[in-house]
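Student: Here it is, the structure in full.
The values are calculated or read from the model by the stated rules, or taken from the named source; none is laboratory data. The model shown is predicted, which means the values in this text are computed figures rather than measured ones. Here the Cβ positions follow ideal geometry from the backbone for every residue, glycine too, while neighbour counts run over all protein chains shown.
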Amino acid sequence: MFTPLKLFLQSQRKHKRYLTVAYDVIALFGSLYCALAIRLGEWPLTLGTPEIISAVVTVMLSIFLFTKLGLYRAVLRYMMIPALGHIFAAISLSAIVLSLSGFFLQSFVPRSVPLIYAALAYLTLGGPRIVFRTIYYHYNKRRKPNVLIYGAGSTGRQLAYSLINGHEYHPVVIIDDDYQKVGQIISGLRVHHSKDMQKLLSLYEPVKLLLAINNISKTKRQDLIERCAEFPIAIQSVPSVEDIASGQARLDEVKDLTISDLLGRTQVEPNHELLSRNITGKSVMVTGAGGSIGSELCRQIIRQNPTTLVLFELNEYNLYAIEREMQSMKSSLKLDVNIVASLGSVQRKNRVKHLMTTHQVETVYHSAAYKHVPLVEDNVIEGVRNNIFGTLYVAEAAIEAGVKNFTLISTDKAVRPTNIMGTSKRMAELLLQAQADKQSSTTFTIVRFGNVLGSSGSVVPLFKQQIKQGGPVTVTHPDITRYFMLIPEAAQLVIQAGAMAHNGQVFLLDMGKPVKILDLAERMIKLMGYSVKNGQSSDKYGDEIEIQFTGLRPGEKLYEELLIGDNVEGTFHPAIYSAKEEKLSWEEMNRLLDELDESCHLFQIEKVVKLLVDAPTGYTGKHPLAILDEQKQ
């Protein structure tokens, strides 16, 4: 961009206005002088005092009118058709002022002069503005990467306008499936049908495809993403209308596809009566409140308006973050909830009981656990202490404090476990069932489900980071599969299951069809604009990302299960099932816990592992001696 224009753009806003007003004054005087010269056929002109006064009055009143019409509030570089309309209206008023001043001041202003003056003024005022914006637009366009917009509706039109005037992307065309919209020109962009996608990719070489469609069903959106995933171009979307309206996002704030889009899962609508049954008007406690599952439970719980929400968390920063978020939600939703942020470990029974008693807790959601399989495999004692004895202490504290409902968040890894983490969670399930048979004052519920997308340890954030770094994407095995669910849906179903429970009941959540991890990795690579490296030449439109198989980690399964036996029944909720499984008596469980406690205290890892493997947990992994040998190596 040439220097004068660059200096003008970089100057202060008020200086730009002064320069614009000064130019308009000169342009108006020049237009009036030329209009008289053209009408009279003389050059130069000799003007009398009345004509000069009339000219001064016309120009000054015109500048005043321009100001009132907002002509100097418009930013020249973003000026579009509406601004030109304001200029036309302002110049028309200026021509009327010229006629009136000539009449009242008895100056020589022929009747055709105001018309000639208006035409010249429109050229001299509007022309430079259009040229200025055109120069800026083309200069700015060269600096921005090309993108395609999918959707010619209101969202797509607004997005096109925002991007054209923005600094990040240059929209080249709009794509739509509606043949009635094909061929239309929107903000200077032609609408093409989606069948022309391959041709458009070759012609414009865009870096992204922006989805500007929010008013379609989940199924149609998934079909659209599936079709777009065939093309090697990064796909992003614009915020929802609700987020834009609430001020949480801007229209031009494009973002990656959501985890829901990647999963392709249709969420079951929650039963609001079940959601509120154990929460509304009650004191509720969440252990592990700062974790991925615990924090989402807190978000769902506070929306049901409890009287008190006790956030119990070992990690100081996680507790700080969730407490801040809960206070913000309380303020925005205008709720009267007492939010209590409490640091502590579930292994300290007195601390837990004191909190429950002090705040008269009626409902507990026990989410605190060590869930990362390899880490627990390498830290057996701490895994057992936290997952088994932590659950025991919280359960005993709940009974002694008079808690009415207690829900344990369990995992599919507890079913025929092949690792210490899964075995410890199965032990937690068994001890709660034993506690349920031992007493009836507290209703214990176990909710078992698979992986949640977006949680800590989930493959999605890891894959996304690896893809952005250029790969490779690491998958443990080409045939490994997992059940997946979105965190909000899982949290809602946990709450609903806990509300329909009988004491000691085990619930399974409908996780849908298992997802092959390799397919998920390939899908993410394509949706982020890359192609999967397969030993052939590089793809024309995107870089290649390699997928590497690293081998199963210690204790990792190829396939996860949710059910131990075949005795499962449906409930009145379509996504929640009830399972009847074998249990231990409290006497048997108590003897096993005593042995585990002593072995943990003495750090006898070999004995701890053997006790877990020999317990009726359904352990199907390697022999404990083989595990310990691997750890020593």
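Student: How about the stretch 384-438: which of its residues are part of a helix (DSSP H, G or I) and touching a Pro at 6+ places or on another chain (Cβ under 8 Å)?
Tutor: If the condition is that a residue be part of a helix (DSSP H, G or I) and touching a Pro at 6+ places or on another chain (Cβ under 8 Å), then T423, K425, R426, L430 are the ones that fit.
Student: Considering only the stretch 411-418, I want to know if a residue exists there that is basic (K, R), touching a residue at least 12 places away in the same chain (Cβ under 8 Å) and surrounded by 23 or more Cβ atoms within 10 Å (Cβ to Cβ).
Tutor: Looking through the stretch 411-418, at least one residue is basic (K, R), touching a residue at least 12 places away in the same chain (Cβ under 8 Å) and surrounded by 23 or more Cβ atoms within 10 Å (Cβ to Cβ).
Student: Ok, one more. Take T363 and decide whether it is surrounded by fewer than 22 Cβ atoms within 10 Å (Cβ to Cβ), out of contact with any Leu (no Cβ under 7 Å at 6 or more places or on another chain) and among the β-branched types (V, I, T). Walk me through how you get there before you give the answer.
Tutor: On the way: surrounded by fewer than 22 Cβ atoms within 10 Å (Cβ to Cβ): no; out of contact with any Leu (no Cβ under 7 Å at 6 or more places or on another chain): yes; among the β-branched types (V, I, T): yes.
So T363 fails the test.
Student: Another question about this same structure. Specify which of the listed residues (I339, I381, I301) is buried (at least 24 other Cβ atoms within 10 Å of the Cβ) and out of contact with any Pro (no Cβ under 9 Å at 6 or more places or on another chain).
Tutor: Going through I339, I381, I301 in turn, the sole match is I301.
Student: Continuing with the same structure: With respect to E400, is the statement that it is without any contact (Cβ under 8 Å) to a residue 40 or more places away in the chain, assigned by TED's automatic domain parsing to the domain that holds E296 and surrounded by fewer than 20 Cβ atoms within 10 Å (Cβ to Cβ) true?
Tutor: Numbers: without any contact (Cβ under 8 Å) to a residue 40 or more places away in the chain: no; assigned by TED's automatic domain parsing to the domain that holds E296: yes; surrounded by fewer than 20 Cβ atoms within 10 Å (Cβ to Cβ): yes.
So E400 does not fit the description; no.
Student: Anything in the stretch 213-230 that is modelled with pLDDT of 75 or more and within 17 Å of the chain's Cα centre (by Cα)? List them, or say none.
Tutor: Hits for the stretch 213-230 are I213, I225.
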